[in-house]
Amino acid sequence: MSLLDFLKTTKKDDTVSPLLPEQVYRVAEMQLKDIIAPSALGIQPKAINLGTNIVRSYFVISYPRYLTDNWLSPVINLDKVFDVAIHIVPLDTAEVMKGFQRKVAEVESQILIREEKGMVRDPTLDVAYKDLEDLRDGLTQAQEKMFEVSLYISIYGQTEEELNKVENEIKNILESRLVYVKPALFQQDTGFLSTLPLGQDLLQIKNKLNTSPLSSFFPFVSSDLSSDSGILYGLNRHNGSLILFDRFSLENYNSIVFAKSGSGKSYTTKLEILRTLMFDTEVMIIDPEREYEYLAESVGGRYFDISLTSDHHINPFDLPHPTEDESPSEVLRSNIVTLVGLFRVMLGGLTPEEDAIIDQAITETYALKDISGDADFTMLEPPLLSDFETVLGGIDGADSIMQRLSKYTRGTWSGFINQPSNVDINKKLVCFSIRDMEDELKPVAMYIITHYIWNAVRKNIKKRILIVDEAWIMMKNDDTASFLFGLAKRGRKYYLGLTTITQDVGDFLKSPYGLPIITNSSIQLLLKQSPSSIDIVQKTFNLTDEEKYLLLESGVGEGIFFAGLKHVAIKVVASYTEDQIITSDPSQLLQIKEMKEELANSKKETKVI
C-alpha cells in the first residue's frame, strides 16, 4: 500500500484523520523494501541468484599459528565486488581460564606419557604447550582477552565463470597466508544474510582468537607514503596521515603533474616550490601564463619577461663552461647538436642537405670568434644570430635557409634572439614568462630558455628544480620533446630535478618522448581528470576502476600521488599565509591587488600629510 492509498482509506466525512507516527513509519518501510529488494531470488546449494547477479558466500574455517599485520589488506583492496563481515564476540576471561587449565593439563599429560614410554619428543605438543602457557599468562595479567570470531565473504558476479574467477583469486591470496575458506554449502541464504550490515551472525562458524591476532583483522587499511625527511605534499585521503617526501632521495629527481584546467596543478606546484625553497634548493620556472610572478616577488626571486618587445634576451650561441670530466671539444660538439635542433624548430624542419649546411655554418660561426674545440673559450664572446647569417651567405645552397632565417635577424622577430644574453639567474628562484610571446614562437622560446638553464646547471652543481609548465607545448615538436627528455635523463648527474606539468594529456602522450619522460619521473601526481582523457591516463598509469573514478570525482587539489612503487590518494593543503602567496583564484588575486593599491595610496597620503 502506498502512502497516497493509505491516506485515501483514512478519509472520513471528507476530512483526513491524523496518522500515527508508527503508521507513517510502517508505510515508508514497506515502500523502501520494494525499492531495494531484488527483482527475483533463487537459492541454490552453492549460490544465490539475486536478480541478474549471482552471489556465493564463504566462511573461514582455520587460521595459521601466526597472523601478520594487514594480512586481510590484499583481499580488501581487490578491484572486485564483494562483501566482508567480521563478527566479534568477547568471552568471559574466568570461563576461558577454566577451559585453558583443562587443555594445558591434557597437553602436559600427553608429553609426560610419551616421555615415560621412551617415545621420541613430539615438537607439535611442545609448541602447543608453550603457546597455551604464554596465552594463559597473558590472560592472567589482563594483557590479552579471548574472542569468538567469524569471518564471512560474499562475492558477486554476472556469470558462474566470473564468480569462479573471483573465488580462485581470493582463495589464492588467503591460502598463501595459510587462511582456509569453504563455501557455505546448503546454507547460502544464511551466509548471505550474515554478510549483510545487519550485525547478525546466523551462520555461527566461529574461531577463538586472542587480542593480538585479532588486531590484524582490522579491515580499514591503506598505504602510507611518508619519510623522515622532505616536504609536506599533502594529506592521505584514506587515513589522514601526512605525505612527507624528499624527491632527491629517489633514483631520479624528476616529477610529472597531469591535471585538467582548474584542478589545482599550478597551486600544487607553487606550494611545492615554496616549501622546497626552505631546504636550500634553487628553483627555475618556465611560466607560459604569468602565474608565478607574485610568488617570485614574494620570495625575492627574479622574474624575466621573454617576448619580442622585452628588454630581456638570451643568446642561443652561449656556451657552457666545461666541467672537470669534460673537454672543450665535447662541450662545443654538444652545443652544435643542440643548435641544429633549435634551427629545425625555428625554420619548420630541415632537409638532410640543409641539416648538413646548418651544422657546417654553426662550426664556422664559432670559428669567427676564435672558438674551437682546441681552445679555452670560457672568456671569449660568443657569436650572435646575425653572425651565423653572415656565414650562411658564403655557403652554396643556403638561400632557402637564409630566406626563412631573415625574420629572426631583420624581420618582425629580430628583437627576440639576435641579442647578447642579459639575464642573471643567480637567485634562489628564477622565473621566465613567455605569456606575451606569440604562440608560434613559444616552442622556440621554451627550447632556448631550457637550453640556457641547462648550460647554467652544468656550470656548477647545486640542488635545483626546473619546472616546465604547459609542457605539451614542447611535446608538439620532436626536437623540443627530445631536448626535454634529455634533461630528464641527464639531470640527475647535475643534481637537477625536472618537473613537467600539463593539462593536455593526449598531446603529451602522442609524442614518442611522452611515455619515456613519465617512466623517468619517480614522482607522479594525477589530479582531477576530464572524462575525455581519463581512459588514456588509466591505461598509462595502470589504474584500477576505483582509482579512475576517484580522479573523475576529485575536488580541487585532490588526486593520486605516486612515489616510486607506492601511490596514495592525496589532498593538497596549505596554510593561510601560503595560500595568499600561491593562489591562482582570480577573485583572490583581485582582492590582493586591491589591498596592495589601498596600501600604496595610504602611504602616499601619509607622505603628503
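So residue 467 passes all but one of these: (1) in contact with a helix residue (DSSP H, G or I) (Cβ under 9 Å, 6 or more places away or on another chain); (2) surrounded by fewer than 23 Cβ atoms within 10 Å (Cβ to Cβ). Which condition number does it fail?
Against the list (1) in contact with a helix residue (DSSP H, G or I) (Cβ under 9 Å, 6 or more places away or on another chain); (2) surrounded by fewer than 23 Cβ atoms within 10 Å (Cβ to Cβ), residue 467 comes up short only on (2).
What is the number of the single condition among (1) under 19 Å from residue 75 (Cβ atoms); (2) touching a strand residue (DSSP E or B) at 6+ places or on another chain (Cβ under 7 Å) that residue 242 does not meet?
All conditions are met except number (1).
Among the residues of region 246-285, write down those that are buried (at least 22 other Cβ atoms within 10 Å of the Cβ), farther than 22 Å from residue 304 by Cβ and hydrophobic (A, V, I, L, M, F, W, C).
Result: 256, 257, 258, 259, 271.
Examine region 149-160 for a residue that is over 20 Å from residue 70 (Cα atoms), outside any strand (DSSP E or B) and within 33 Å of the chain's Cα centre (by Cα), and state whether such a residue exists.
yes
Filter region 363-387 down to the residues that are exposed (fewer than 13 other Cβ atoms within 10 Å of the Cβ), in contact (Cβ under 8 Å) with a residue 40 or more places away in the chain and within 23 Å of residue 410 (Cα to Cα) and list them by number.
Answer for region 363-387, where residues must be exposed (fewer than 13 other Cβ atoms within 10 Å of the Cβ), in contact (Cβ under 8 Å) with a residue 40 or more places away in the chain and within 23 Å of residue 410 (Cα to Cα): there is none.
Being within 22 Å of residue 446 (Cα to Cα), of a type in the set (A, V, I, L, M, F, W, C) and either part of a strand (DSSP E or B) or within 23 Å of the chain's Cα centre (by Cα) (or both) is the filter here, so list the residues in region 270-305 that pass it.
Within region 270-305, 273, 283, 284, 285, 286, 304 meet the criteria.
Which of the numbered conditions does residue 437 fail, given that it passes all the others? Conditions: (1) hydrophobic (A, V, I, L, M, F, W, C); (2) assigned to a loop (DSSP other than H, G, I, E, B); (3) crowded, with 16+ Cβ neighbours inside 10 Å; (4) touching a Lys or Arg at 6+ places or on another chain (Cβ under 9 Å).
(4)
Are any of the residues in region 6-22 in a helix (DSSP H, G or I), at pLDDT below 75, loosely packed, with under 12 Cβ neighbours inside 10 Å and β-branched (Val, Ile, Thr)?
Checked against the condition, which is being in a helix (DSSP H, G or I), at pLDDT below 75, loosely packed, with under 12 Cβ neighbours inside 10 Å and β-branched (Val, Ile, Thr), region 6-22 yields at least one hit.
Out of curiosity, is residue 267 of a type in the set (Phe, Trp, Tyr) and more than 15 Å from the chain's Cα centre (by Cα)?
yes
Just the residues that are among the polar types (S, T, N, Q) and either within 15 Å of the chain's Cα centre (by Cα) or at pLDDT 90 or above (or both), please, taken from region 223-264.
Across region 223-264, the qualifying residues are 223, 226, 236, 254, 255, 263.
Within region 511-544, how many residues turn out to be outside any loop (DSSP other than H, G, I, E, B), under 18 Å from residue 567 (Cα atoms), in contact with a strand residue (DSSP E or B) (Cβ under 7 Å, 6 or more places away or on another chain) and of a type outside the set (S, T, N, Q)?
Result for region 511-544: 7.
Right, residue 534: over 22 Å from residue 436 (Cα atoms), among the aliphatic types (A, V, I, L, M) and free of Cβ contacts under 8 Å to residues at least 24 places away in the same chain or not?
Yes.
Just give me the residues in region 327-342 being without any contact (Cβ under 8 Å) to a residue 24 or more places away in the chain and touching a helix residue (DSSP H, G or I) at 6+ places or on another chain (Cβ under 6 Å), in sequence order.
339, 340
Which residues, counting only those in region 286-301, are under 23 Å from residue 244 (Cα atoms) and surrounded by fewer than 21 Cβ atoms within 10 Å (Cβ to Cβ)?
Listed by number, the list holds a single entry, 299.
How many residues are touching a strand residue (DSSP E or B) at 6+ places or on another chain (Cβ under 7 Å), closer than 19 Å to residue 458 by Cβ, among the aromatic types (Phe, Trp, Tyr) and part of a helix (DSSP H, G or I) when one looks only at region 490-510?
So the answer is 0.
Suppose we filter region 443-489 for residues that are of a type in the set (Gly, Ala, Ser) and either outside any helix (DSSP H, G or I) or under 14 Å from residue 507 (Cα atoms) (or both); how many remain?
Qualifying residue count, region 443-489: 2.
Restricting attention to region 199-212, does a residue exist that is without any contact (Cβ under 8 Å) to a residue 40 or more places away in the chain, surrounded by 12 or more Cβ atoms within 10 Å (Cβ to Cβ) and over 33 Å from the mean Cα position of the chain (by Cα)?
So far as region 199-212 goes, yes, one or more of its residues are without any contact (Cβ under 8 Å) to a residue 40 or more places away in the chain, surrounded by 12 or more Cβ atoms within 10 Å (Cβ to Cβ) and over 33 Å from the mean Cα position of the chain (by Cα).
Given (1) buried (at least 20 other Cβ atoms within 10 Å of the Cβ); (2) assigned to a loop (DSSP other than H, G, I, E, B), identify the lone condition not met by residue 311.
(1)
May I ask you to say which residue of 508, 541, 561 is surrounded by fewer than 19 Cβ atoms within 10 Å (Cβ to Cβ) and either in contact with a Phe, Trp or Tyr (Cβ under 9 Å, 6 or more places away or on another chain) or over 16 Å from residue 471 (Cβ atoms) (or both)?
Of the residues listed, the single one that is surrounded by fewer than 19 Cβ atoms within 10 Å (Cβ to Cβ) and either in contact with a Phe, Trp or Tyr (Cβ under 9 Å, 6 or more places away or on another chain) or over 16 Å from residue 471 (Cβ atoms) (or both) is 541.
What single numbered condition from (1) more than 22 Å from residue 542 (Cα to Cα); (2) in contact (Cβ under 8 Å) with a residue 60 or more places away in the chain fails to hold for residue 484?
(2)
State which residue pairs qualify: first residue touching a residue at least 24 places away in the same chain (Cβ under 8 Å) and within 16 Å of residue 471 (Cα to Cα) and inside region 445-457, second residue of a type in the set (Asp, Glu) and part of a helix (DSSP H, G or I) in any location, beta carbons under 8 Å apart, and separation of 6 or more residues or different chains.
447/479
For region 278-300, indicate whether the set of residues that are farther than 30 Å from residue 580 by Cα and of a type in the set (A, V, I, L, M, F, W, C) is non-empty.
Within region 278-300, not a single residue is farther than 30 Å from residue 580 by Cα and of a type in the set (A, V, I, L, M, F, W, C).
What single numbered condition from (1) among the hydroxyl-bearing types (Ser, Thr, Tyr); (2) loosely packed, with under 14 Cβ neighbours inside 10 Å; (3) modelled with pLDDT under 70 fails to hold for residue 129?
Answer for residue 129: the failing condition is (2).
Listed here are the residues, each with its yes/no results for (1) within 21 Å of residue 209 (Cα to Cα); (2) free of Cβ contacts under 8 Å to residues at least 40 places away in the same chain; (3) part of a strand (DSSP E or B).
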residue: 34; (1), (2), (3): no, yes, no
residue: 38; (1), (2), (3): no, yes, no
residue: 57; (1), (2), (3): no, no, yes
residue: 60; (1), (2), (3): yes, no, yes
residue: 85; (1), (2), (3): yes, no, yes
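The values are calculated or read from the model by the stated rules, or taken from the named source; none is laboratory data. This one's a predicted model, so the numbers in the text were calculated from it and none came from an experiment. For neighbour counting, all protein chains shown are included, and Cβ atoms are generated from backbone atoms with ideal geometry for every residue, glycine included.
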